[in-house]
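Each remark here refers to the structure printed beneath this line.
The values are calculated or read from the model by the stated rules, or taken from the named source; none is laboratory data. Quick caveat: nothing in here was measured; it's all calculated off a predicted structure. Cβ atoms come from the backbone with ideal geometry, glycine included; neighbour counts cover every protein chain shown.
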Amino acid sequence: MKFAVTIDPHISRWDLVRYAEELGYDRAWVPDSQMIWSDCYATLALAAANTRRIQIGTGVAITGTRIAPVTAHSIATINQIAPGRVFLGIGTGHTAMRVMGQDPMPVREFREYLRVVRGLLDGEAVNYTYRGKEREIKFLHRDRYYINLDNRIPIFCAANGPKACEATGVYGDGWVTVGREPGEVRSRIEQIHAGAQAAGRTLGADFSTSLLTAGCVLRPGEKLTDDRVIEEVGSWVTCELHFFYEIWKKSGEKDELIPAHFADNWDAYLDRVKNFSLPERASFRQLHDGHCTFMQPDERRFVTPEAIRASCLVGTPEEIVEQLNDMERSGLRELNILPAADQANRVYRDFAELVMPHFR
């Protein structure tokens, strides 16, 4: 089991990555969401220049907000600062698109995007279509090292649906998910391997499988209703609530899509949304306010013990170790924790001191 952190990209807090390195974490992921955080590549550049061991990359880069050659060029630039330590996490864009009231990129376009990025990062000439005009493109001036393609940059795909998982098998070196139900994990890994096989690839033991979640290490006597616990995981639980609301709304309000751990409070949450001050065409700004950064005070009531257990990795050190062992048996090989921004240092330290030694 490997251990990683996802930081909230604040240009003045890039040193969270260095702190994670000092604590012994294997990777640091830096998210890409233009309406709520600092630029991920600027943050990565500072982290790259001030760390020596930890692997760093986007967590995840969003295909809908940058064209493929720009994404390839940006991550290859970071690779010039931290050669051989850089990865490209990439996805269709839940947060970055929805905080503009837009939808994530369709899977067919995502697959094409991956093809172009992988080819460019491999130093190849690739056919690329921009505004209906197809041309063959390739990075120039390789010998001057404005970018580094000599040290291969792995691509880790955020994917859940069958077609996205198949595309991950074709072009990816790893997979990141937010769900850890064993049956779903195994099914998606099978889809990834099927995609690889169809493309003539064989995924080796080094294929990365990562779970992104929040976590809290409980002290003796602590309960899931305690303030410290809610403060550390609340921003993640409410992020999932926002996501499931968006899916429910766009599907035509099909109640079978409401997760069981939110069901008892669903009507109360609908009342909250109904009372937003912004008009419907702008209400997504209030819906995602605080996204994966802090918990809105009015949403604290939705962070129930049931929702925490279903959404996060919580428990005593021994209980978390057992949960991680279960994850490994289902095929997940990395824990990637994203706490509330103001609690990040404490959560990183707790896992480093109380959980990670069991796997080292």
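Values for this structure:
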| quantity | calculated |
| --- | --- |
| Subset of region 220-234 [more than 11 Å from V314 (Cα to Cα) and touching a strand residue (DSSP E or B) at 6+ places or on another chain (Cβ under 8 Å)] | R228 |
| Residues (farther than 24 Å from G91 by Cα, of a type in the set (K, R) and touching a residue at least 12 places away in the same chain (Cβ under 8 Å)) located in region 132-164 | R142 |
| Verdict on A158 being among the hydrophobic types (A, V, I, L, M, F, W, C), surrounded by 12 or more Cβ atoms within 10 Å (Cβ to Cβ), modelled with pLDDT of 95 or more and over 15 Å from the mean Cα position of the chain (by Cα) | no |
| Qualifying residue in region 288-307 (condition: under 18 Å from the mean Cα position of the chain (by Cα), under 25 Å from V185 (Cβ atoms) and not in a loop (DSSP other than H, G, I, E, B)) | no |
| Single condition F302 does not satisfy, out of (1) surrounded by 17 or more Cβ atoms within 10 Å (Cβ to Cβ); (2) in contact (Cβ under 8 Å) with a residue 40 or more places away in the chain; (3) under 25 Å from D32 (Cα atoms); (4) not polar (S, T, N, Q) | (3) |
| Pairs, first closer than 15 Å to G183 by Cα and assigned by TED's automatic domain parsing to the domain that holds V176 in region 318-331, second assigned to a helix (DSSP H, G or I) and among the hydrophobic types (A, V, I, L, M, F, W, C), C-beta under 6 Å, six or more apart | S330/V185; G331/V185; G331/I189 |
| Given (1) within 22 Å of E166 (Cα to Cα); (2) touching a Phe, Trp or Tyr at 6+ places or on another chain (Cβ under 6 Å), index of the condition R111 fails | (2) |
| Matching residues in region 222-247 - criterion: being among the polar types (S, T, N, Q) and buried (at least 19 other Cβ atoms within 10 Å of the Cβ) | S235, T238 |
| Candidate set from region 252-291 (those that are touching a residue at least 60 places away in the same chain (Cβ under 8 Å) and of a type in the set (D, E, K, R)); member that is surrounded by the most Cβ atoms within 10 Å (Cβ to Cβ) | R285 |
| Test result for Y145, hydroxyl-bearing (S, T, Y), at positive phi and in contact with a helix residue (DSSP H, G or I) (Cβ under 7 Å, 6 or more places away or on another chain) | yes |
| Criterion (more than 19 Å from the chain's Cα centre (by Cα) and aliphatic (A, V, I, L, M)) met by exactly one of V233, V217, V185 | V217 |
| Region 312-326, residues that are assigned to a loop (DSSP other than H, G, I, E, B) and not polar (S, T, N, Q) | C312 |
| Answer from D150, D103, D122, D143 - the residue that is within 26 Å of H288 (Cβ to Cβ) and surrounded by fewer than 17 Cβ atoms within 10 Å (Cβ to Cβ) | D103 |
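To keep it simple, each residue is scored yes or no on (1) aliphatic (A, V, I, L, M); (2) within 17 Å of W14 (Cα to Cα).
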{"residue": "W37", "(1), (2)": "no, yes"}
{"residue": "T51", "(1), (2)": "no, yes"}
{"residue": "I75", "(1), (2)": "yes, yes"}
{"residue": "V86", "(1), (2)": "yes, yes"}
{"residue": "T92", "(1), (2)": "no, no"}
{"residue": "E124", "(1), (2)": "no, no"}
{"residue": "R131", "(1), (2)": "no, no"}
